[in-house]
Amino acid sequence: MLCIFKKRNFITLNNYQPVRNLWEWLNKVFNSIDEDRRKLLGSDRTCAEWLLRNGASVKWTTETEFLSDYNALPPEGTHLLIKEVEATNSSISHYGFPHFVGCKHIDKITLHKCSYLENPALPLLKTLNNTLKFLQITSCGNITEDGLTSLSTLNNLDILIIGDFPYLKDKEKILMHLSKELPKCQITFK
C-alpha cells in the first residue's frame, strides 16, 4: 500500500485528505478583512489597502492620477475617498470584496485579467449599486454564467463591458438577460 509522509505520521492514500493549495491560502490571507482596522480607519482606507496589497490601483475623489504603490498611501489619519478601481492583473478575489462595504463614492471598476476572480465576487458588487456607473469584467477566466447573471442587480450602471470568458457556454443568453434587466445600461460584450 502506498503511503505519504505528513507531519511525522504515515497515512495511506485511502485516508488522505487534500491539503489546501498554498497559493489559495495565501490569496485568502491577502484578501481577508480586518474588521478592527476598518473600524479604526474607515472603509475607504482599508479597501484601498486591500486593493493595493493585491496589485490593483485606486483613484481618490480628490486626485487625477491612480495610486498603485502601497507604500505611497497617505498617513493613516488622512481622510480620502475612493472614486475608481483599476484591477488589471491583480490578485483580488471574492474573499476581499466585502471591503467595498461602506465605500460610497466608487463609480468605476475595471477587472481585467484577474485570475483569482470567481463568480462569488460579483454579487458582492451590489453594495456599490448607488454609485457604480462603469464596470468592466474582461479576461477573468473563472467567471461563468452564474457570476454574470448576478450583475443584473446593478441597476444604476451606465456602461458594462464584459467578455473573454473561456468557460461561458451561452453568450447570447447572458447578453439577453442583462439587456432585459439593465435597460438603461450600454452593454458591450467582447
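Quick one: which of Glu49, Glu84 is closer than 12 Å to His105 by Cβ and either at pLDDT 95 or above or of a type in the set (Gly, Ala, Ser) (or both)?
Glu84
Just checking, does the range 36-53 include any residue being more than 15 Å from the chain's Cα centre (by Cα), of a type in the set (Val, Ile, Thr) and under 23 Å from Thr127 (Cβ atoms)?
no
Filter the range 32-71 for residues that are polar (S, T, N, Q) and closer than 18 Å to Lys83 by Cβ and give the result.
Ser43, Thr46, Ser57, Thr61, Thr62, Thr64, Ser68 - these are the residues of the range 32-71 that are polar (S, T, N, Q) and closer than 18 Å to Lys83 by Cβ.
Write out, first by first residue and then by second, each pair whose Cβ atoms fall under 9 Å of each other, whose residues are 6+ apart or on separate chains, and whose first residue, in the range 116-131, is touching a residue at least 60 places away in the same chain (Cβ under 8 Å) while the second is in a helix (DSSP H, G or I).
Every condition considered, the pairs that remain are Tyr116/Trp23; Tyr116/Glu24; Tyr116/Asn27; Tyr116/Asn31; Tyr116/His94; Tyr116/Tyr95.
Could you list, in sequence order, the residues of the range 84-115 that are aliphatic (A, V, I, L, M), buried (at least 23 other Cβ atoms within 10 Å of the Cβ) and in contact (Cβ under 8 Å) with a residue 40 or more places away in the chain?
Ile92 - this is the single residue of the range 84-115 that is aliphatic (A, V, I, L, M), buried (at least 23 other Cβ atoms within 10 Å of the Cβ) and in contact (Cβ under 8 Å) with a residue 40 or more places away in the chain.
A quick yes/no check of all residues on (1) polar (S, T, N, Q); (2) at pLDDT 95 or above; (3) over 20 Å from Glu86 (Cβ atoms):
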position: Leu117; (1), (2), (3): no, yes, no
position: Thr131; (1), (2), (3): yes, yes, no
position: Asn142; (1), (2), (3): yes, yes, no
position: Thr149; (1), (2), (3): yes, yes, yes
position: Ile159; (1), (2), (3): no, yes, no
position: Lys169; (1), (2), (3): no, no, yes
position: Ile174; (1), (2), (3): no, yes, yes
position: Leu178; (1), (2), (3): no, yes, yes
position: Leu182; (1), (2), (3): no, yes, yes
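The values are calculated or read from the model by the stated rules, or taken from the named source; none is laboratory data. As the structure is a prediction and not an experimental result, all values here were calculated from the model. Because the Cβ atoms are built from the backbone with ideal geometry, glycine has one as well, and the counts that use them run over all protein chains shown.
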